[in-house]
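Worksheet: one structure, shown below.
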Amino acid sequence: MFVVVKRKESRLDNNPTTEQAEHDPYHFDQGKPILPKVSELRRKLAEKAKREPRFRFYALYDRIYRHDVLWSAWRLVQRNDGGPGIDRQTIQDIEQYGPSKLIDELQEVLESKTYQPEAIKRVHIPKGDGKTRPLGIPAVKDRIVQQACLLILEPIFEEDFLACSYGFRPGRSAFQALNTIERNLKQGRTEVYDADLKGYFDSIPHDNDRIIKWVETTIEKWMGLELNRDKTKVLDVKQPGTALDFLGYSFRYDKDLRGGTHRYWNRIPSKKSLARAREQIRRLTSQQQGCLPIKDVVCRLNRFLVGWSNYFRTGFPGKLFKKINSFVMWRMYLFLSRRSQRPFKLPVGTTWYKFIFEKLGVRRL
């Protein structure tokens, strides 16, 4: 029997060709509060993973509890400004306590392998079908540790993703995924297998179509996931009246707006997105808000309208934006009329439209 002993090697050696390349930051870290040494480490990890796809990174734990890694993780968590976890500790609490002191404590328990995370705070957010989706909110200090893990692991796994993958990746966005969908539709790829995953599987007969069978076999058997049969369907988006809903948008092959024979690929907020927007506007202008100052109601309403319109600004949303404007004006009219037992009197010489959108400063889409 022969035993081959391999020489111990540095797993991050890059042998850069120039001194400049040796200190270049990771390209996805631009604009982020990540320390230069941490960004350089992330670049080296990415280069190693790309150059040697089969390489195994065994010794990474000591990188996670490096002080500069934990500090960069804290800055990223601080920038996100999320809510408190089950311990009720906020970002502001840590700022008062002293971030450096907390980082030192986390480094000590991580290095000694005595770190124990808090329980996850469970909340439920509404879904479009009336159901709720469970959401876990870790404690802020646990989010720092999770972010430190991400800083080290992300550049390694990022090299394994395909170009068609967009979800939760650095430098990728929902708009890029939407643009890819639209580009494929314009190139003639209009038959879509719209699959939806679910957590629990009910026995529903399988379609014998060859493509559907391949997709279902790949997803359910090979990947160990399950399809939501009620929401999984085959679409030919080029057929009249058919729409592909994706990431809140609807893709449709609509007729020319001027009445011609020409058709075009329309990209607009989906019906569910519009319904959720109206529901949120109703909540923000309901009778329950009547005790608040008008400027506070307008501020909260504008915050929602700005965020919603920024996401749905691509494509051709103008016609639907006007409908939302009309709905907002109607809701604000009802809100002002119900604020007291006395009917609200519109100032002389103005209209409801001017008063709501110009005088009160409600955001107009």
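The values are calculated or read from the model by the stated rules, or taken from the named source; none is laboratory data. The structure presented is a predicted model; accordingly, all values stated were derived computationally and were not measured. Here the Cβ positions follow ideal geometry from the backbone for every residue, glycine too, while neighbour counts run over all protein chains shown. Side chains are part of the model used for accessible areas, which takes the heavy atoms of the whole protein and leaves out ligands, DNA and RNA. Shrake-Rupley method; radii C 1.70, N 1.55, O 1.52, S 1.80 Å.
A few comments on the model shown:
- Computed magnitude of the charge dipole of the chain (debye, nearest 20; Cβ of K, R +1, Cβ of D, E -1): 2160
- You can think of it this way: the chain between residue 150 and residue 322 has 57.7 nm of extra reach, that is 0.36 nm per residue less the Cα-Cα gap.
- Subtracting the Cα-Cα distance of residue 247 and residue 282 from their residue separation scaled by 0.36 nm leaves 10.3 nm.
- Residues residue 59 and residue 79, FRET efficiency given R0 of 30 Å [Cβ-Cβ distance, rounded to 0.05]: 0.55
- With the highest mean first, a sort of the peptides 112-124, 279-291 on other beta-carbon atoms found within 10 angstrom per residue produces 279-291, 112-124.
- Measuring r between the beta carbons of residue 257 and residue 313 and using R0 = 25 Å, the FRET efficiency lands at 0.85.
- Computed E for residue 116/residue 163 - FRET, C-beta separation, R0 51 angstrom, nearest 0.05: 0.80
- Of the residues 318, 337, 302, the one whose Cα sits farthest toward the positive end of the charge dipole of the range 215-354, with +1 on the Cβ of Lys and Arg and -1 on the Cβ of Asp and Glu, is 337.
- Residue of 182, 47, 105 that the Gaussian network model of the chain assigns the largest fluctuation, springs spanning Cα pairs under 10 Å: 105
- For the range 151-167, Karplus couplings with θ = phi - 60° (6.51, -1.76, 1.60), whole Hz, Gly/Pro x: 4, 8, 7, 4, x, 6, 6, 4, 6, 8, 6, 7, 5, 7, 9, 10, x
- Peptides 153-159, 25-31 ranked from most to least packed by the mean count of surrounding Cβ atoms within 10 Å: 153-159, 25-31.
- Mean residue ellipticity (222 nm) of the chain, computed from DSSP H runs ≥ 4 via -39,500 (n - 2.57), nearest 500: -13000 deg cm²/dmol
- Bridging of residue 32 to lysines at a Cα separation below 19 Å is possible for 44, once same-chain residues fewer than 8 apart are set aside.
- Per residue, the average separation of C-alpha pairs within less than 8 Å and at least 6 apart gives the chain a relative contact order of 10 percent.
- Taking 7 Å steps out from each Cα toward its Cβ at residue 292 and residue 306 produces label points 1.5 nm apart.
- Calculated from backbone phi, Karplus (6.51, -1.76, 1.60) coupling profile of the range 265-270 in Hz, x at Gly/Pro: 7, 9, 10, 9, x, 6
- Dipole-positive endmost among 349, 26, 235 within the chain (Cβ charges, Cα centre): 349
- Between 0 and 90 degrees, the angle of helix 294-311 with respect to the longest Cα principal axis of the chain falls at about 60 degrees.
- Normalising the Debye intensity of the chain to I(0), with uniform scatterers on Cα atoms only, and taking log10 at q = 0.06, 0.09, 0.10 Å⁻¹ returns -0.37, -0.81, -0.97.
- Across the range 313-321, rounded Karplus estimates of 3J(HN,Hα) from the backbone phi angles (6.51 cos²θ - 1.76 cosθ + 1.60, θ = phi - 60°) give 6, 7, x, 10, x, x, 5, 6, 4 Hz, Gly and Pro being marked x.
- Gain on full stretching of the segment that runs from residue 89 to residue 108 - 0.36 nm per residue minus C-alpha separation: 4.8 nm
- Using equal-weight Cα scatterers in the Debye expression, the normalised intensity of the range 250-365 in log10 at q = 0.10, 0.19, 0.22 Å⁻¹ is -0.37, -1.00, -1.23.
- Solvent-accessible area of residue 71 with every protein chain in place, 1.4 Å probe, in Å² to the nearest 10: 70
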